[in-house]
Every structure is written in structure tokens, then in C-alpha cells.
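Remarks on the structure that follows.
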Amino acid sequence: ERKESLICSDSVSALYSIQSGSHTFRRRCVSHSRRFIGENTEVVGEQSLTPELRLRLFTPSCRFWTERPELWPYEDPYWAIYWPGGQALSRFLLDHPAVCRGQTVLDLGSGCGASAIAAILCGAAHVVANDIDPMAAVATHMNSELNGLQPPVCLTHNIIGSPPAAFHLILLGDMFYDQSLATSLHSWLNRCMETHGTKVLIGDPGRAQFEEHAIRRLLRPLAQFELPDSVREENYGLSCSGVWSYTPEL
């Protein structure tokens, strides 16, 4: 049985913490995952809101862009898409590095790790990327390396609802795609803010689940970005993506 997984910035071999597994087995798991990602993604940069970042993503030239979904051997690869909310959030951080400089930062639902990488580039003191898919953690390591950076700490267990850790800043890109998840996030973020005074930034292109949720009334708009044509095509014509500050006192 796999226990809670943790990737430390200095040891990718810590991805799988398996009670009965050996260090060699863990290294082989990570090595296989890295090889699989390398063979089934493409390095992309200029087609996003953050052309200065290089990321391994799915593109039309990748095998599984058109391959039958049942042949994919892992969980759904949300980490292989640079979602529009994450793009806006990463762009905002890169444009306003003081938001992260010297701060402890959590990138929640980190996916490909772009926002965590942006926070590192902006001089954050400590960055944690959290995604429940272990493949996202491997992708985050690989994407950090692509950008010449030491990877963030990567957690692969669900921390929503857990006792809030003392982060200065929590980043959420494209996390309001499901009504029940949005509600649990709302409650947990309130606890983080009440306990530690944590600041929260949210990136979203204005999906219905986001616009219709009660939390939307508590957000202050910070920035709006026009999405590149290729991003619009991949996201059903969504033309813009924004960044909001969660401000419950509104």
C-alpha cells in the first residue's frame, strides 16, 4: 500500500513512499515516469501567456493527442495541459514579483507546476506544489529542470480540509471546476486565512462553476488577460482569463 507521497527538492527518488518497497524500486518508478513523460509530451513555450517558461505538455504532435484514451496507463493527465487560469496566475506573478518575493507559497492543484515555477523565479523563500496525481509531481520536477531551477517540494496527498499550514500565499489555478470541490475549498481557505492570515490568489477563465459559486462575491479582480489563439482553441473558445484576490471582508 502506498503511503503519503512527498517529493523533496533535492531527491526525486522520494516520489513513492511504499511500505514494502526498496529504494531501488522507488527510483525505478520515478525513472519510468520521467521516461514516459519525456516520450509523450513536447516542450512548449511561446504559445502561452508566459513565453519565458518552458513546459512539457500535450500538443497535437504527441501520440496520445489522438490515441484511444483507454490506452493511457495512468490517471487523466491534467498535468499535461497548461490551463488558462494557471496561465493567468503565472503571468500575474511574473509581472508582479513582489507578491511572492521572500514568501512561503503553496501552489494548490499544481498540475504542470507552472505557478510554482513562477513563484520560484519571483524569489519566493519556500514553495510547495500540491497535486494528488504523482505524475504531476514528476512533471513539475522535469519542468523545473527545463527552466534551470531547483524543483519545489511536491506533495501528492489531498491537503484540502487538513489543518492549515502556515503559508503566506496560496495559489489556485483552475480549481473551481466542480461545485463540491469549490465548496470544500471555500471552507478550507477561510480556515487558512483566519489561522495564519494567508493571502489567496485565484486564476480562472470564468467557468460557470466559478462565476456561480458564493465565493465569487468575495473576490477582488486584480488582472485580466487575453488568451492566445491556440489557448482559446484548446479551451472551447474562452477568450480571457483573470486573477482575483480572495477578500472575505468584502
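The values are calculated or read from the model by the stated rules, or taken from the named source; none is laboratory data. It should be emphasised that the depicted structure is a prediction, and the values quoted were computed from it without experimental measurement. Don't worry about glycine lacking a Cβ; one is built from the backbone with ideal geometry, like all the others, and counts go over all protein chains shown. Accessible surface is based on the protein model in full, side chains and every heavy atom, while ligands, DNA and RNA are left aside. Shrake-Rupley method; radii C 1.70, N 1.55, O 1.52, S 1.80 Å.
Key figures
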read-out	value
Cα radius of gyration and Dmax for the chain (Å)	17.4, 53
Antiparallel bridges, percent of DSSP beta bridges restricted to the chain (to nearest 5)	50 percent
Rg ratio (alpha-carbon, reference 2.2 N^0.38 Å) - region 50-198	1.04
Highest-MSF residue in the chain out of Trp65, Trp188, Trp83 [GNM, Cα springs under 10 Å]	Trp65
Whole-percent carbon and sulfur share, accessible surface of the chain, 1.4 Å	50 percent
All-pairs alpha carbon distance profile, region 147-196, 5 Å steps from 0, percent	4, 16, 24, 26, 17, 7, 6, 1
Estimated FRET transfer efficiency (Arg63, Gln209; beta-carbon r; R0 30 Å; 0.05)	0.45
Value at 222 nm in deg cm²/dmol, rounded to 500, when DSSP H runs of n ≥ 4 in the chain each add -39,500 (n - 2.57)	-9500 deg cm²/dmol
